[in-house]
1. Looking only at the range 164-205, filter to residues that are farther than 25 Å from SER427 by Cα and among the hydrophobic types (A, V, I, L, M, F, W, C); which one of those is surrounded by the most Cβ atoms within 10 Å (Cβ to Cβ)?
2. Could you list, in sequence order, the residues of the range 338-392 that are under 20 Å from the mean Cα position of the chain (by Cα) and among the aliphatic types (A, V, I, L, M)?
3. Please state which of the following conditions SER83 fails to meet, knowing it meets all the rest: (1) under 30 Å from HIS478 (Cβ atoms); (2) modelled with pLDDT of 95 or more.
4. Looking only at the range 118-132, decide whether some residue is in contact with a Phe, Trp or Tyr (Cβ under 6 Å, 6 or more places away or on another chain), part of a loop (DSSP other than H, G, I, E, B) and in contact (Cβ under 8 Å) with a residue 12 or more places away in the chain.
5. Taking helices (runs of 4 or more DSSP H) that do not extend beyond the range 332-418, which have at least 2 residues that are touching a His at 6+ places or on another chain (Cβ under 8 Å) and within 25 Å of PRO117 (Cβ to Cβ)?
6. Checking ALA237 against (1) more than 16 Å from LEU461 (Cα to Cα); (2) small (Gly, Ala, Ser); (3) out of contact with any Phe, Trp or Tyr (no Cβ under 6 Å at 6 or more places or on another chain); (4) crowded, with 16+ Cβ neighbours inside 10 Å: exactly one of these is not met. Which one?
7. Of the numbered conditions (1) over 22 Å from the mean Cα position of the chain (by Cα); (2) outside the structural domain of GLU448 (by TED's automatic domain parsing); (3) not in a helix (DSSP H, G or I), ALA218 satisfies every one except a single condition; which is it?
Amino acid sequence: MKTRTLSTCLALILLCVSCSSETPGSENLKQQETTSSTTTTIKSSTTESTETTEDSVVEINQGIDWSACYGIYECGDLQVPLSYTDIGSGSISIALVRLPATSEPYLGPLLMNPGGPGGSGVELVGEWADIWEMVFPNFDVIGFDPRGVGSSSQVSCPNDPDSDENWLQEDEEDTTELFIEATEYVEECLDMSGELFYHIGTNNVARDMDSIRAALGAEKINYLGYSYGTRIGAVYASLFPERVRAMVLDGPVSPDEHPSAFSPIQGLGFENAWSRFSADCDARVSCALNEYGGAEEALFAATNLLKDVNIPAENGRELTRSEFVWSIGAALYSPYLWTDLEDGIVEVLEKEIGVISQRLVDDYEGREEDGTYDNSSAVSFIVNCTDDPLRPTEEEIIEAVDAVADQLNHFGSLWRSDTACYGMPPSLDPLHVEEANLETPALVIALEGDPATPMGWARGLTDSIGQAVLITSNGEGHGAFLTNSQCVTDTVLDYFFYLDVPVEGWSCEEPN
């Protein structure tokens, strides 16, 4: 499963902000120096990829034409090169939204990314103006849609989650059709996305971020990245370390994790999250699943009921067994969705209806009100495979996937249908992360109960940056700051406002 965006969880943001009713006082804040120039020279770092070449230079001679939008916001677009090593190949558009700072001293632009790959930074900032204005009054809060995403120049792939017959794959089941479909899928993505298909990897997203910085006329940026957004931050720190004032990476993704890595860590993270939910349910008298012998027995009964027959959902749709298992994983992203998880299982067992479970999947997959889907799944696939330097064979994929799936008691059938990046052309620009000489260490946050970016990934990301400090919480869910954790909030705010870096290994326990 992908590292899902956090925008759906941010409705809970007020619960966390309420634990600190005031933002840090301005009298002791360190002023961020900026420049009014809109012309800069961006030098790309040398990597082993074919996309980045030594002494490659891009001259940016433009600003962003901001216009009022959505009341207190400013919206704009920035033209950036399709390829930073071939400027003549054309340009693409990056959509931005800005909430200007309202307090002094001014601490510079704060760029945000909600994860994915495929999450919209424009939506993340645009939908929560009151929150960002309260939490970050000394910053220009800026959301951007990474290349390929949302209102920026888009990529597209076929997407119909209702056709999910192959989402679950049993041990030793024939996978021939899976790989045929994978090849056809890549061909359709190429046809629908055009040349942008080859250029939406994370390295180029980081370069776009620096183009945004230059167009803003800022000497340095602040950055808050959730989930996959932590990978963007790590690449930016590697390529442009001198341009980082402060960087928070929440829900860390290890740079070693690629589709072709076939690591069990994320799958085991979901197994751990299910175990934590199950234990919580079994310990609560109020948990309705106890009527069925507990969470484990109830899950088994529901999946068994769906083994040979679909059940009605809403609007004439049906819930399949594949969707049901997928909904369990989707609900584990946040403890605030545990009620939906519990109710969804009960609904299947008592009413043989799958409305709640299907809504969880629809939310995860980006289903719109008109029944269409956003392009987040397409972006996730293309970006992850563009970042991945390897292209294993069909035989290697089957063997590796089976080895992972055998370790997953509840989600193995989902992992067994994985075809990694089969059918994809070789990457032009595989992920580039190296130790960064940051003036202020980056802050990496991990939760013990995070299913999508498990604790095992946190150390990998922290060590890859070098100048980074890892802090943890015993909380549940995917992502911590202003989402699923109260106890890290003040520490993160002190970091952003005062550049107060906690000691390595700092940890906290969530209030009951």
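1. So, considering only residues that are farther than 25 Å from SER427 by Cα and among the hydrophobic types (A, V, I, L, M, F, W, C), the one surrounded by the most Cβ atoms within 10 Å (Cβ to Cβ) is LEU168.
2. Result: LEU360, VAL361, ALA378, VAL379, ILE382, VAL383.
3. (1)
4. For the range 118-132, residues in contact with a Phe, Trp or Tyr (Cβ under 6 Å, 6 or more places away or on another chain), part of a loop (DSSP other than H, G, I, E, B) and in contact (Cβ under 8 Å) with a residue 12 or more places away in the chain: absent.
5. On the way: elements: 338-351, 355-365, 376-387, 394-405, 412-415.
Of the helices (runs of 4 or more DSSP H) lying wholly inside the range 332-418, those with at least 2 residues that are touching a His at 6+ places or on another chain (Cβ under 8 Å) and within 25 Å of PRO117 (Cβ to Cβ) span 376-387.
6. Against the list (1) more than 16 Å from LEU461 (Cα to Cα); (2) small (Gly, Ala, Ser); (3) out of contact with any Phe, Trp or Tyr (no Cβ under 6 Å at 6 or more places or on another chain); (4) crowded, with 16+ Cβ neighbours inside 10 Å, ALA237 comes up short only on (1).
7. Condition not satisfied by ALA218: (2).
Yes/no matrix, rows are residues, columns are (1) surrounded by fewer than 23 Cβ atoms within 10 Å (Cβ to Cβ); (2) more than 30 Å from VAL155 (Cα to Cα); (3) not small (Gly, Ala, Ser):
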{"site": "ALA302", "(1), (2), (3)": "no, yes, no"}
{"site": "GLY329", "(1), (2), (3)": "no, no, no"}
{"site": "TYR336", "(1), (2), (3)": "yes, yes, yes"}
{"site": "LEU341", "(1), (2), (3)": "no, yes, yes"}
{"site": "GLY344", "(1), (2), (3)": "no, yes, no"}
{"site": "LEU349", "(1), (2), (3)": "yes, yes, yes"}
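The values are calculated or read from the model by the stated rules, or taken from the named source; none is laboratory data. This structure is a prediction, so every number in the text was calculated from the model and none was measured. With ideal geometry, Cβ positions are generated from the backbone for all residues, glycine too; neighbour counts draw on all protein chains shown.
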